[in-house]
Amino acid sequence: MKLNALRLLSCLAAAAFLGGADPVAAQSSFPSQGVKIIVPFGAGSATDSLARVIGDKLSQVWKQTVIIENRPGLPGTTSAAKSAPDGYTLMLTSNGHVIANLINKNIAFDPVADFAGVTRLVEAPFVMIAAPKLPVKTLPEFIALAKKEPGVYNFSSAGLSSTSYLMTETLRQAADINIVHVPFKGTPDAVSAVLRGDVAFYMAPIPDSVEQAKVGNVRMLAIGSSQRHKQLPDLPTITEAVPSFKYETWFGLMAPAATPKDIIAKINADTRAVLAMPDIIERLATLGSLPSPNSPAEFDALIKSDAAKYGAVIKAAGVEAN
């Protein structure tokens with residue numbers, strides 16, 4: 001009996017010792033295998049492009065394979081939320097994520113409680129691109145037209161949980177105009193709808209906007225940033241036309257909520273190092289993105305505050321969960 005008791009005490013002591021292992025040691029051993037980044041949007045989307053830039057560089061830093069897995073919509077986000085909280089499955093998404101529970105019935109995750117913020121990656125203002133046949137050249141002209149003909153003009157989005165929808169709905173409420181939402185499955189389809197003239201406009205990433213505007217397929221009306229963008233200095237901001245409009249597009253890296261803080265800190269530090277690399281800064285600029293990392297605690301606070309802010313936008317829009 002005494003021998004068994006001693007063995008039990010030895011096992012408990014060993015377990016306690018391992019459980020209290022040095023967080024620095026845990027950080028230094030991560031990652032010891034490949035890491036997967038789930039993107040809840042399709043290939044070719046702004047989110048996907050960013051994930052591939054960041055993932056490629058992290059694979060070099062970690063000397064481990066970083067796989068980008070495109071799983072559009074709720075299946076992707078649900079998979080990320082339910083993954084093992086060990087740092088080996090992450091999710092890269094936009095701020096549209098924060099209102100997922102308000103537009104979907106009976107979802108299997110909470111967009112705030114079930115995720116731990118790793119870091120905001122970039123701020124990436126979107127551009128309002130209009131179909132060439134739309135008889136306006138500026139945002140004030142479009143607002144005047146929409147007020148004159150309420151309910152006539154429509155806009156595309158990459159879905160209800162996309163930043164393109166949230167940004168446009170924020171504008172719609174700030175400008176007090178009646179325009180109709182036409183959701184699509186992603187950026188490529190939403191842009192194509194503008195090119196065909198099926199919708200009046202779309203809030204598009206800068207690269208798509210510039211590319212299509214250069215060949216005359218679309219007209220850029222305004223950009224959704226607080227100040228004019230250095231890549232498009234002659235393009236007015238939405239705020240210049242609608243002072244009450246306030247919207248900042250961000251993309252960030254998240255992990256399942258129970259992921260150990262030391263692992264979150266390691267991923268945060270390595271990702272921040274990547275975002276500070278000159279070649280990455282230059283590459284992100286071509287995507288219209290500005291590196292804007294923050295701490296896990298700061299990102300958690302931003303996710304929570306944006307959930308409240310844009311939750312109010314969704315409620316004011318009268319959107320009912322499907």
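A few notes on this one:
- Per-residue ellipticity at 222 nm computed for the chain from its helices equals -14000 deg cm²/dmol, with DSSP H segments shorter than 4 residues left out and the rest contributing -39,500 (n - 2.57).
- Eligible lysines near K57 by straight Cα distance, threshold 19 Å, same-chain separation 8 or greater: K36, K266
- Taking a straight line from the alpha carbon of K63, these aspartates and glutamates sit under 19 Å away, with near neighbours fewer than eight places off in the same chain left out: D86, D270, D279.
- When only alpha carbons are used to place a centre, region 178-228 and region 292-322 end up 23 Å from one another.
- Chain lengthening between E69 and Q227 when straightened (0.36 nm per residue, less Cα-Cα): 53.5 nm
- As a proxy for reagent exposure, ranking I263, I37, I238 by other Cβ atoms within 10 Å from fewest up yields I37, I263, I238.
- Each Lys and Arg contributes +1 and each Asp and Glu -1, all at the Cβ; summed about the Cα centre of the chain, the dipole is approximately 260 debye.
- Using the Stokes-Einstein relation with a Kirkwood hydrodynamic radius computed over Cα pairs, the translational diffusion coefficient of the chain at 37 °C and a viscosity of 0.692 mPa s comes to 157 µm²/s.
- Relative contact order computed over the chain (Cα-Cα under 8 Å; 6+ residues apart), in percent: 27 percent
- Beta bridge orientation in region 127-241: antiparallel %, DSSP, nearest 5: 55 percent
- Charge tally around K148: other residues with Cβ under 14 Å, Lys/Arg +1 each, Asp/Glu -1 each, net -2.
- Between L290 and R52, the contour length at 0.36 nm per residue exceeds the alpha carbon distance by 84.1 nm.
- Lysine pair count for region 127-241 [Cα-Cα under 17 Å; pairs on different chains or 8 or more apart]: 4
- Antiparallel DSSP beta bridges within the chain, as percent of all bridges there, nearest 5: 60 percent
Each value in this text was obtained by applying a stated rule to the coordinates, not by laboratory testing. Since the model is a prediction, treat every value here as computed from it, not as a measurement. Glycine also receives a Cβ, built like all others from the backbone with ideal geometry; neighbour counts cover every protein chain displayed.
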